[in-house]
Amino acid sequence: MTSAILVSILMTLVAASTPILLAALGELVVEKAGVLNLGVEGVMLTGAVAGFAVAYSTGSTGAGLVAALVAGVATAMVFAVLTLSLTANQVATGLALTIFGIGASSLIGAGFVGRTITRLGPAFPEALSGHPLLRAVLGHDIVVYLSLALVLAVSFFLNRTRPGLILRAVGENDASAHAIGYRVIAIRYAAITFGGALAGLAGAYFSLALTPMWADSLTAGRGWIALALVVFAAWRPARLLLGAYLFGAVMTAELQFKAAGVTVLPPEALAMAPYLATIAVLTMMSLGPKSGRANAPACLGKPFSAS
Amino acid sequence: MLYASPLIAVGLTMLIGTFVFTAMGYDGLHAVRDIFLTPFLEPQRWPDLGVKAAPLVMIALGLAIGFRANVWNIGAEGQYVMGAIAGTGVALATHGLTGWWILPAMALAGVIGGMAWAAIPAFLRVKLQVSEILTSLMLTYVAVQALYYLVRGPWKDPDGFNFPQTKMFSAAQTLPAMAEGSLVHLGIPVALVIALVAWLVMEKTTAGYAVKVVGLAPAAARHGGFSADKVTWASLLAGGGLAGLAGLFEAAGPFGQLTPQFPTGYGFTAIIVAFLGRLNPLGIVFGGVVLAGTYVGGEIAQTTVRLPQAATGMFQALLLFVLLATDVLVRYRIGWKARAA
């Protein structure tokens, strides 16, 4: 009996961690290329609403996930054109993207409020009836496995491949990379495309897997937590995995306390927990003996124009 | 060109908005006319315009100081809520009392509440190099939860039929109207005076100059003896204090109490106001009026062409996008490129 409860808590933890992991992984690649996209929350919301709208109209969660991916890339492209081609301020543009995502998702979602869809199912349905241990390993949905595979892939790409090295070079010293002949702007476009796709997918995970119904501002600031996680991870994919699951644990604890009716703390105090934890984590990072910030890409947030 | 680009941006937003909303199946032309023109053409809308512009202008004035110095306080919404909470605390403690001093005491509490909330990201950035962008935003979520807790718990009006809201403020705790029965309250002239003072400080004093140098050329600022830390502290405290005052004015004005509906997003919209105003205090008054127009006009369009309320937010974001894009016109001159022979 207790193992069943443990497995169900584990499933909640994995589900809560997955969208932040995806969004943060995308942003990590973007930041490694020297671009700071503060619009993650906005991209997630457009992905969430596009995924829900398509899944609702077609009845297929798979189509919803693809739509979210496309919507995420399209939204991120607005950011890319403004910051890369028109050299607009990255912080201001990222904020605009978030405000846009909140407005656009609420406008498109207005017709879907309260509607429900079939939740994204497990990748291996047979595993659910098996041994609890089997369920804990194989009982998740496809996006969970995809997110874990992507951590490995991104880590390998950045540290062990030539294109990954070039991407990092662009983020560390754009002028030198340009001088050797690398196409700084094109590489940054590619990175932002990847980040947009993952943020869109992360958003759809909220509307298709976590809460299979539409509500305004569904992602509740998780995009911002993803941004903080990149700092926490010191721009390393493996540490990102650890951080995302730590946050998943905080959020699961919040849910468990609520479900158990723990009244030591008011529910509002529990709702504050992820945000306070983010501030605490950011503070601890800078208190550490070797400041994590030293690992930040040197050209992060600086506009580049070739001339 | 520097001052033309906000006007071009407003024009382009109207054009794009017409196409987008027509494509979505609404009467796009009518919607754009109602959002950008009707509020300014009908004098009976002007008081409402002023009431909505005042908090936007006050918050944006504070934010713009920081943006000039590369201090990105995006948590004004939280400071606005904290200011309202602190001021309401004074109001609940002085309920039943009368006296001229009550409202100033509430205003002071509002300023201090907003400043205290902004002091956290300021401290973390100056002492520990933690990015103020993320901390100030995270604190917004915390402030909103604190508000929910107070109005549902300790501050709930015992005679309020169990609604999550505080007592209504008394006459001595409410902002006086500028004319009998008018919506226009004291907050509007106060916002204008603050804009003038901010302009004087930014343009005519060494402190304002220090803010600009730290933002534009940090190395030169260090060399010239301007302290980046002091500028960070000052701009976050100014931003927090003004947002807190705006929050208190909103609580003691249009709301007259605290409710869970209190956080309306003015703190985020003020970011657009600051950019539309070119981070210039007098420009911000213009930006505040334009954005207030989108709120008032958005409400008009809800009844005339059944545009959803969320459309207002999308128009506001569209405006910021277009503005950032047209800024290219400020930085570069468009010209014909001579073909290489």
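The values are calculated or read from the model by the stated rules, or taken from the named source; none is laboratory data. The model shown is predicted, which means the values in this text are computed figures rather than measured ones. Every residue, glycine among them, receives a Cβ derived from its backbone with ideal geometry; neighbour counts consider all protein chains shown. Only protein heavy atoms, including side chains, enter the accessible area calculation; ligands, DNA and RNA are left aside. Shrake-Rupley method; radii C 1.70, N 1.55, O 1.52, S 1.80 Å.
Quick check: Cα centre of the stretch B:114-163 to Cα centre of the stretch B:170-215, how many Å?
Centre-to-centre (Cα) distance: 23 Å.
Calculate the translational D of chain B in whole µm² s⁻¹ from Stokes-Einstein, where the hydrodynamic radius comes from the Kirkwood formula applied to all Cα pairs, the temperature is 10 °C and the viscosity 1.306 mPa s.
Details: Rh = 21.0 Å.
Reported coefficient: 76 µm²/s.
What residue among A:Val264, A:Val250, A:Val154 shows peak mean-square fluctuation when chain A is described by a Gaussian network model with Cα springs under 10 Å?
For chain A, modelled as a Gaussian network with Cα springs under 10 Å, the answer is A:Val264.
A:Phe124: net charge of surrounding residues, Cβ under 11 Å, Lys/Arg +1, Asp/Glu -1, itself excluded?
Local charge sum for A:Phe124: -1.
Tell me the per residue accessible area of the stretch B:56-288 using a 1.4 Å probe; a whole number in Å² is fine. All intermediate terms of the calculation are to be shown ahead of the outcome.
Values: 9080 Å² over 233 residues.
Heavy-atom SASA per residue in the stretch B:56-288 reads 39 Å².
Just checking the output field for B:266-273: average partner chain Cβ neighbours within 10 Å of each residue's Cβ? List each step's numbers first, then the result.
Values: counts 0, 0, 4, 1, 0, 5, 4, 0.
Going residue by residue through B:266-273 and averaging, the value is 2.
Between 0 and 90 degrees, rounded to the nearest ten: what's the tilt of helix A:162-172 against the longest Cα principal axis of chain A?
Approximately 70 degrees, to the nearest ten.
Using a loss threshold of 20 Å², tell me which positions in the stretch A:218-259 are less accessible in the complex than in their chain alone. Probe radius 1.4 Å, ligands and nucleic acids ignored.
A:Trp224
Once you list every other residue whose beta carbon is under 14 Å from the beta carbon of A:Val43, what net charge do they have if Lys and Arg are +1 and Asp and Glu are -1?
Net charge around A:Val43: -1.
Within 10 Å of each Cβ in peptide B:142-155, how many partner chain Cβ atoms are there on average? Round it to a whole number, please.
On the way: counts 8, 2, 4, 10, 3, 1, 5, 6, 1, 0, 3, 2, 1, 0.
Per-residue shielding by partner chains comes out at 3.
Using only the Cα atoms of chain A, what do you get for the radius of gyration and for Dmax, in Å?
In Å, with Rg to one decimal and Dmax whole: 19.4, 67.
Taking a probe of 1.4 angstrom, what is the accessible area of B:Asp159 in Å², to the nearest 10?
Spelled out: B:Asp159, probe radius 1.4 Å, area about 120 Å².
Normalising by the residue count of chain A, find the relative contact order in percent from Cα pairs under 8 Å and 6+ residues apart.
Values: 539 pairs, mean separation 109.8, N = 307.
Normalised by residue count, the contact order of chain A is 36 percent.
Just reorder A:Thr61, B:Thr206, B:Thr326 by solvent-accessible area, largest first, 1.4 Å probe, all chains present.
Largest to smallest exposure gives the sequence B:Thr206, A:Thr61, B:Thr326.
So what is the accessible area of chain A per residue, in Å², with the probe set to 1.4 Å? Numbers along the way, then the final one.
Working: 12230 Å² over 307 residues.
Dividing the accessible area of chain A by its residue count gives 40 Å².
Given a cut-off of under 8 Å on Cα pairs at least six residues apart, what relative contact order in percent is computed for chain B?
Rounded, it is 34 percent for chain B.
Normalised radius of gyration for the protein assembly as shown, please: alpha carbon Rg relative to 2.2 N^0.38 Å, two decimal places. Mind showing how you got there, number by number?
On the way: Rg = 24.8 Å, N = 648, 2.2 N^0.38 = 25.8 Å.
Compared with the compact-globule rule of thumb, the protein assembly as shown sits at 0.96.
How about the stretch A:91-107: which of its residues lose at least 30 Å² of accessible area in the presence of all protein chains relative to their chain isolated, using a 1.4 Å probe?
Correct list: A:Val91, A:Ala92, A:Leu95, A:Ala96, A:Ile99, A:Phe100, A:Gly103, A:Leu107.
Which value, in debye to the nearest 20, describes the size of the charge dipole of the stretch A:2-295 about its Cα centre when Lys and Arg Cβ atoms bear +1, Asp and Glu Cβ atoms bear -1, and nothing else is charged? Please list the in-between numbers first.
Values: 15 positive and 10 negative charges, 118 e Å.
My answer is approximately 560 debye.
Using +1 at the Cβ of each Lys and Arg and -1 at the Cβ of each Asp and Glu in the stretch B:56-288, identify which of B:Gly114, B:Val81, B:Gly187 lies farthest towards the dipole's positive end.
B:Gly114
Leaving ligands, DNA and RNA out of it, report the carbon-plus-sulfur percent of the accessible area of the protein assembly as shown at a 1.4 Å probe. Intermediate results must be reported in sequence, preceding the final value.
Numbers: 18540 of 27020 Å².
On the protein assembly as shown, the fraction of accessible area on carbon and sulfur atoms equals 69 percent.
Which log10 I(q)/I(0) values does the stretch A:8-154 give at q = 0.08, 0.13, 0.16, 0.22 Å⁻¹ under the Debye formula, counting every alpha carbon as one identical point scatterer?
Scattering profile of the stretch A:8-154, log10 relative to I(0): -0.27, -0.68, -0.96, -1.37.
Rounded to the nearest 100 Å², what's the accessible area chains B and A bury against each other, both chains counted, probe 1.4 Å?
Summed over both sides, the interface buries about 3400 Å².
Provide the net charge surrounding B:Ala122, with neighbours chosen by a C-beta distance below 10 Å and charges set as Lys +1, Arg +1, Asp -1, Glu -1.
Values: positive: B:Arg125, B:Lys127; negative: B:Glu132, B:Asp229.
Every neighbour counted, the sum reads 0.
I'd like to compare B:165-172, B:121-128, B:149-156: which one has the highest average count of other Cβ atoms within 10 Å, and what's the full order after that?
Listed from highest to lowest mean packing, they are B:121-128, B:165-172, B:149-156.
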